[in-house]
Amino acid sequence: MIEVTNLHKGFNGEKILKGITTSFERGKTNLIIGTSGSGKTVFLKCLLGLFTPEQGNICYDGATYSDLNTEQKRDLREQMGMVFQGSALFDSMTVEENVMFPLQMFTKQKKDEMQDRVHQVLQRVNLENAEKKLPSEISGGMQKRVAIARAIVTRPKYLFCDEPNSGLDPRTAIVIDNLIKEITEEYDIITMINTHDMNSVMEIGEKIVFLQKGHLEWEGDKSQIFQTDNKAVTDFVYSSNLFKKVRDAQLKGL
Amino acid sequence: MFYLDDIGRYFLMLKGVFSRMTKGSVLRNLILKEIDDLIIGSMGITVFLAFFIGAVVAIQTALNLTNPLIPKQLIGFASRQSIILEFAPTFLSVIMAGKVGSFITSSIGTMRVTEQIDALEVMGINSLNYLVFPKIIAMLMYPFVIAIAMFVGIFGAYIAGVYGGFLSSVDFITGLQEEFIPYHLVYAFIKTFIYAILLATIPSFHGYYMKGGALEVGKASTTAFVWTTVVIIIANYILTQLLLS
C-alpha cells in the first residue's frame with residue numbers, strides 16, 4: 001500500500017500541492033484525475049521520488065520515503081516502473097534494447113535469460129514482431145506498449161503511468177487502459193494512473209482521486225463518480241458534451 | 001549572481017558525474033559508442049581543417065617574408081610553431097565546440113525534453129554518470145585527434161610551401177627542425193587535455209539543465225557553443241601564462 005500524508009509541494013513560492021492525504025491499494029488501478037494545472041503530474045513525480053515534498057510523508061508498504069537513506073531510496077526506485085506521457089523510450093535503442101535496459105542495469109542475468117524475459121513481456125503487450133525496430137519506426141500506441149513492457153520487465157511493485165493514453169485514438173486508448181488493468185491484477189502491483197480521460201475513468205477507475213488546485217477534492221470509484229454531488233467533480237465529469245447529453249437523457253427518463 | 005549560480009551548478013554537476021557509477025559492462029559500451037560519435041566522428045573534419053589551416057599558415061608566412069635577408073627556413077619554423085602551439089589545440093577546439101559541443105547539448109537536451117532523463121532517474125540510475133561520464137572518458141582520446149591534426153597541419157604547410165613554389169623541401173624540413181623545444185608539445189597537450197574536459201562537460205551542463213521544448217534545445221546548443229568557446233579562450237590565456245611565461 002502507498003500512503004500519502006499531508007503532502008505539500010511548491011515551486012518558486014507558488015504552492016502546487018496543498019496537504020494531500022490518501023492511500024492506494026495493491027492490485028488496484030488507482031486514477032489521479034483533475035483539470036490541467038491541478039497538480040496531478042507534480043503529485044505523481046513526488047510519489048516517484050523525482051520531486052522532494054516540502055512537507056508530509058509518503059509511505060511505500062510501511063517504509064517512509066523521507067526516512068530512507070540514498071541506497072534504500074535507490075532500491076525502492078528499482079521496484080518502480082514508470083510509463084511516461086511521451087513514452088520516453090531511448091531513441092537510439094531498438095524496442096528489444098529498450099525493454100532489456102532495466103535488466104542490464106539491475107540484474108546479473110545472462111544475455112539469453114534477459115532475452116527470454118524481454119520476449120515474454122513483449123508477447124504480453126502483443127509486440128512480438130517489433131523487437132528490432134527503433135521507437136521512431138513504430139506507432140504511438142506501440143510506443144506506449146513498449147513503455148509498459150519496459151516498466152514491468154523487472155517485475156516492479158509499483159507502476160506509475162502519466163497520461164498513458166494521451167495522443168492515442170479512442171480504440172487504442174481502451175486497449176492500453178485494459179492492458180494496464182490486466183497487468184495490475186496479474187502482477188499484483190499498485191498502479192497509479194495520472195489522467196484526465198473520462199473513458200479511462202469509466203473503464204479502469206477502481207480508485208479515483210480528484211485533485212483541484214492542489215487539494216484532494218474527492219475520492220471514490222468509477223460508480224461513485226457519476227453519483228457525487230461535489231460540484232468540482234461534476235463540472236469536470238460533465239465538461240464533456242457526450243457525458244452531459246447522457247446525463248440529460250437520463251434526467252429526461254429517455 | 002546568475003553566472004555564479006551557473007558556475008556553482010556546473011561544479012555540483014561534476015560531483016554528480018563521478019558519484020554512483022553505472023554498471024561496468026553498460027558503461028564500457030557507452031564509452032565505446034561515445035568514442036565513435038565524438039572522436040572517430042570528428043576525425044574527418046579535423047584532418048580536413050588541419051590540412052588547409054597548415055597550408056594557409058605557410059602561404060601567409062611566405063607572403064609576408066619580403067626581406068631577402070630572412071631565410072626561407074623560417075616558413076617551416078613558423079608553420080610548426082603556429083600549428084603546434086595554437087592552431088591545432090586551440091583553433092580546432094573552438095571548431096570542436098561547435099561540432100562536438102552542439103551534438104552533446106542537443107542529444108542530452110532532447111533526452112531531457114522527451115523525459116528520457118526522468119526515465120533514467122525513475123529507474124534509480126544516476127543519469128549524470130550515465131550520460132556525462134562516458135563523454136568525459138571518450139574525450140580523453142581527444143589529444144590523439146589533435147596529434148593527428150598537428151601532423152596533417154604541418155604536412156599541409158609543407159605541400160603549400162614546397163609545391164606552391166615558396167621554398168624548397170630541404171628549406172622547409174630544416175626550418176621544421178630548427179630550435180625545436182619538446183616542452184612546447186607538452187604545453188600543447190596539457191592545453192588539449194583541459195579543452196577535452198571542457199568540451200565534454202560544458203555542453204553536457206547546458207543540455208542536462210535545459211528547460212522547455214525543441215526551440216530551447218536549439219538555444220541551449222548555441223549557448224553551449226558560445227560558453228565553451230569563451231571558456232576555452234580564457235583557459236588558453238591562463239594556461240599560456242602559467243606554462244610558458
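Taking one quarter of the surface of the convex hull spanned by the alpha-carbon atoms of segment A:130-218 gives a direction-averaged projected area of 6.7 nm². Working from the Cα coordinates of chain B, the gyration tensor eigenvalues give, after taking √(5λ), semi-axes of 40, 17, 16 Å in decreasing order. Pairs of Cα atoms nearer than 8 Å and 6+ residues apart set the relative contact order; for segment A:1-116 it is 23 percent.
Of the chymotrypsin sites (Phe, Trp or Tyr not before Pro) found in segment B:160-245, those in coil by DSSP whose Cβ has at most 15 other Cβ atoms within 10 Å are B:180, B:209. Ranked for footprinting exposure by Cβ neighbours inside 10 Å, fewest first, A:47, B:65 give B:65, A:47. Partner shielding of A:81-90 amounts to 4, given as the average count of beta-carbon atoms from other chains within 10 Å of each residue beta-carbon. By the combined test of axial Cα extent (at least 24 Å) and Kyte-Doolittle hydropathy (mean at least -1.0), the qualifying DSSP H helices of chain A come to A:170-187. Within chain A, what is the longest stretch that has no trypsin sites (Lys or Arg not before Pro) placed in a DSSP loop and near at most 16 other beta-carbon atoms within 10 Å? After excluding every exposed loop site, the longest remaining stretch is A:27-107.
Using the Kyte-Doolittle scale, which helices in chain B average at least 0.0 and also have C-alpha atoms spread 20 Å or more along the helix axis, with helices defined as whole DSSP H runs?
B:2-17, B:41-64, B:92-113, B:142-163, B:182-208, B:214-244
Packing here is the average count of other Cβ atoms within 10 Å per residue, and on that basis the peptides B:86-96, A:160-170, A:48-58, highest first, run B:86-96, A:160-170, A:48-58.
Counting only DSSP beta bridges whose two residues both lie in the protein assembly as shown, roughly 55 percent are antiparallel.
Pairs of Cα atoms nearer than 8 Å and 6+ residues apart set the relative contact order; for chain B it is 35 percent.
Per-residue ellipticity at 222 nm from helix content only, as computed over the protein assembly as shown with -39500 (n - 2.57) for each DSSP H run of at least four residues, stands at -19000 deg cm²/dmol.
Kindly state, to the nearest 0.05, the FRET efficiency for residue B:25 paired with residue B:70, given R0 = 60 Å and r defined as their beta-carbon distance. Approximately 0.50, to the nearest 0.05.
Diagonalising the gyration tensor over the Cα atoms of the protein assembly as shown and scaling each eigenvalue by 5 before taking the square root yields semi-axes of 59, 22, 20 Å, largest first.
If a/c stays under 1.5 just call it rounded; otherwise compare a/b with b/c (prolate if a/b is bigger, oblate if not). Do that for segment A:73-199, with a ≥ b ≥ c from the square roots of the Cα gyration tensor eigenvalues. Oblate is the answer for segment A:73-199, as a/c is 1.5 or above yet b/c matches or exceeds a/b.
Give a quick list of GluC sites (Glu not before Pro) in segment B:148-224 that DSSP marks as loop, anything other than H, G, I, E or B, with at most 12 other Cβ atoms within 10 Å.
Those that pass, being in a loop and sparsely packed, are B:179.
What fraction, in whole percent, of alpha-carbon pairs in segment B:22-107 exceed 18 Å separation? The share of Cα pairs beyond 18 Å in segment B:22-107 comes to 58 percent.
FRET efficiency for the residue B:15 to residue A:119 pair, using the beta carbon distance and R₀ = 41 Å, is estimated at 0.55.
The numbers here are math on the coordinates, done by the rules we state, and not lab data. Bear in mind that the values here come from a model prediction, so they are computed numbers and not experimental data. Here Cβ is always computed from backbone atoms with ideal geometry, including for glycine, and neighbour counts include all displayed protein chains.
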